[in-house]
């Protein structure tokens, strides 16, 4: 980053030198050609560009200062980001903490001041049970301060002391909270947390409201190094967010956790051996809706797979795992998708899934079909609300590529729909053989038609 910034500044400096050299050569040329006055001044009417020489030099210096003071470009170390305005305006509440501020982005928000007092109380509890004194904890955090700052895509103006204090307060609160929630021995739940238990999960699942996982883990290991009966901090995080770990992933797996939103994303991904490859320059641009596919003869079936992304289409049957829609669903997926938009630009598996849902669901008719097939569990009540939510989730998301499984899935579904024979079969089943009564009536009509035709032919043959 420093090298690229310095290269930009050097290039700008070279431009200034070039401007000056060109201006000097122009003055000499004008002087030698006799176009100046007796005192050597250049005729500005004959050379209007010379009159802008000073203005160009001032502008060039101003641009150099702008380059020197600019923010560095996004680096691979960034993993905590501000949600851009085009996404935020779709649902402001989905990205904004309601009760507690974690990290620097929402620090100082007056709406969250009550929890700051609770953080201090829980820091006291943490220090009382920790094996290290406060100086050692502060020293450890200060050693990693630079690494923590580099995780945020926006520079914080907090001083070093205030930044370290913020990390200590936030990390110790999370540690104590997780220990209480996991019912670890000697950690009792207080009244405030009983009220906040379910509500805090919302705030801890927001992209803007995160601490890097490594600094919380180091502080936890330092404070409770000899407590062999304590679970690891990774195990605590798995327990707290366990409702989303539908694939029963083990905390002992060797993978990096950047923060809690990154952990939630990992819960939904297929495990590495089953993680589909991605086509670098191919993406899904079209898929028929669920009701259109159903009318064309596609059968929808609830999949038994615990992986949400495990969609399969075989012999005219589309299997889809159960997708539950709750009040927190939109917020949950919005933040994971925002993380993918910034950090996993070529591995946007969550965005792929939501894009497929967006194709399948266009109207309430599509929602009702999926609910009827038990593929979708709608606790929001209104089918129109579900359709609008799914469609809005995919807005302002950039699609660079798609995973190979979904690409083939959509290709096969579209091919099936475009096959006229399949649509004819579906029409016959729907209009004439959809239930026993219609089937009986259809067969009776066919028999009657055959008998009538036979009688007519026999009558014609018997004519003299």
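The values are calculated or read from the model by the stated rules, or taken from the named source; none is laboratory data. Given the structure is predicted, the values throughout are model-derived calculations rather than measurements. Please note: Cβ atoms are built from the backbone with ideal geometry, for glycine as well, and neighbour counts cover all protein chains shown.
Can you tell me which residue among 123, 118, 127 is crowded, with 19+ Cβ neighbours inside 10 Å, out of contact with any strand residue (DSSP E or B) (no Cβ under 9 Å at 6 or more places or on another chain) and not in a loop (DSSP other than H, G, I, E, B)? Walk me through how you get there before you give the answer.
On the way: 118 fails: crowded, with 19+ Cβ neighbours inside 10 Å; 127 fails: crowded, with 19+ Cβ neighbours inside 10 Å.
Sole residue among the options that is crowded, with 19+ Cβ neighbours inside 10 Å, out of contact with any strand residue (DSSP E or B) (no Cβ under 9 Å at 6 or more places or on another chain) and not in a loop (DSSP other than H, G, I, E, B): 123.
Could you check residue 286 against (1) surrounded by fewer than 17 Cβ atoms within 10 Å (Cβ to Cβ); (2) within 26 Å of residue 94 (Cβ to Cβ); (3) at pLDDT 90 or above and say which number it fails?
Only one criterion in (1) surrounded by fewer than 17 Cβ atoms within 10 Å (Cβ to Cβ); (2) within 26 Å of residue 94 (Cβ to Cβ); (3) at pLDDT 90 or above is unmet by residue 286, namely (2).
Could you count how many residues in the stretch 83-113 are part of a helix (DSSP H, G or I), touching a helix residue (DSSP H, G or I) at 6+ places or on another chain (Cβ under 9 Å) and surrounded by fewer than 17 Cβ atoms within 10 Å (Cβ to Cβ)?
Summing the residues that are part of a helix (DSSP H, G or I), touching a helix residue (DSSP H, G or I) at 6+ places or on another chain (Cβ under 9 Å) and surrounded by fewer than 17 Cβ atoms within 10 Å (Cβ to Cβ) in the stretch 83-113 gives 1.
Tell me, which helices (runs of 4 or more DSSP H) wholly within the stretch 332-448 include 2 or more residues that are at pLDDT 90 or above and surrounded by 14 or more Cβ atoms within 10 Å (Cβ to Cβ)?
Details: elements: 349-360, 364-372, 383-393, 404-418, 420-432.
In the stretch 332-448, 349-360, 364-372, 383-393, 404-418 are the helices (runs of 4 or more DSSP H) which contain 2 or more residues that are at pLDDT 90 or above and surrounded by 14 or more Cβ atoms within 10 Å (Cβ to Cβ).
Say whether the condition of being over 13 Å from residue 212 (Cα atoms), in contact (Cβ under 8 Å) with a residue 40 or more places away in the chain and surrounded by 12 or more Cβ atoms within 10 Å (Cβ to Cβ) is met by at least one residue in the stretch 140-147. Steps first, please.
Taking the stretch 140-147 as the starting set, the residues that turn out to be over 13 Å from residue 212 (Cα atoms) are 140, 142-143.
Now narrow it down to the ones that are in contact (Cβ under 8 Å) with a residue 40 or more places away in the chain: 140.
Applying the additional criterion that residues be surrounded by 12 or more Cβ atoms within 10 Å (Cβ to Cβ) yields 140.
Scanning the stretch 140-147, I find at least one residue that is over 13 Å from residue 212 (Cα atoms), in contact (Cβ under 8 Å) with a residue 40 or more places away in the chain and surrounded by 12 or more Cβ atoms within 10 Å (Cβ to Cβ), so the answer is yes.
Return the total of residues in the stretch 342-371 being touching a helix residue (DSSP H, G or I) at 6+ places or on another chain (Cβ under 7 Å) and either closer than 21 Å to residue 262 by Cα or free of Cβ contacts under 8 Å to residues at least 24 places away in the same chain (or both).
Within the stretch 342-371, residues that are touching a helix residue (DSSP H, G or I) at 6+ places or on another chain (Cβ under 7 Å) and either closer than 21 Å to residue 262 by Cα or free of Cβ contacts under 8 Å to residues at least 24 places away in the same chain (or both) number 8.
Which of the residues belonging to the stretch 136-160 are over 19 Å from residue 176 (Cα atoms) and either assigned to a helix (DSSP H, G or I) or touching a strand residue (DSSP E or B) at 6+ places or on another chain (Cβ under 8 Å) (or both)?
139, 142, 143, 145, 146, 147, 148, 149, 151, 152, 153, 160
So, in the stretch 215-255, exactly how many residues are part of a loop (DSSP other than H, G, I, E, B) and within 23 Å of residue 142 (Cβ to Cβ)? Give the derivation first.
Applying the first criterion (part of a loop (DSSP other than H, G, I, E, B)) to the stretch 215-255 yields 224-232, 241, 245-255.
Checking the rest, the ones that are also within 23 Å of residue 142 (Cβ to Cβ) come to 224-225.
Of the residues in the stretch 215-255, 2 are part of a loop (DSSP other than H, G, I, E, B) and within 23 Å of residue 142 (Cβ to Cβ).
Go through the stretch 300-311 and count every residue that is under 26 Å from the mean Cα position of the chain (by Cα) and surrounded by 15 or more Cβ atoms within 10 Å (Cβ to Cβ). Walk me through it before giving the result.
First pass over the stretch 300-311, keeping only residues under 26 Å from the mean Cα position of the chain (by Cα): 302-311.
Checking the rest, the ones that are also surrounded by 15 or more Cβ atoms within 10 Å (Cβ to Cβ) come to 303, 305, 307-311.
Within the stretch 300-311, residues that are under 26 Å from the mean Cα position of the chain (by Cα) and surrounded by 15 or more Cβ atoms within 10 Å (Cβ to Cβ) number 7.
Look at residue 192 and say whether it is farther than 27 Å from residue 334 by Cα, modelled with pLDDT under 95 and exposed (fewer than 12 other Cβ atoms within 10 Å of the Cβ). Outline the logic, then answer.
On the way: farther than 27 Å from residue 334 by Cα: yes; modelled with pLDDT under 95: yes; exposed (fewer than 12 other Cβ atoms within 10 Å of the Cβ): no.
It is false that residue 192 is farther than 27 Å from residue 334 by Cα, modelled with pLDDT under 95 and exposed (fewer than 12 other Cβ atoms within 10 Å of the Cβ).
Which numbered condition trips up residue 294, out of (1) under 24 Å from residue 404 (Cα atoms); (2) touching a strand residue (DSSP E or B) at 6+ places or on another chain (Cβ under 7 Å); (3) in a loop (DSSP other than H, G, I, E, B)?
Every condition holds for residue 294 apart from (3).
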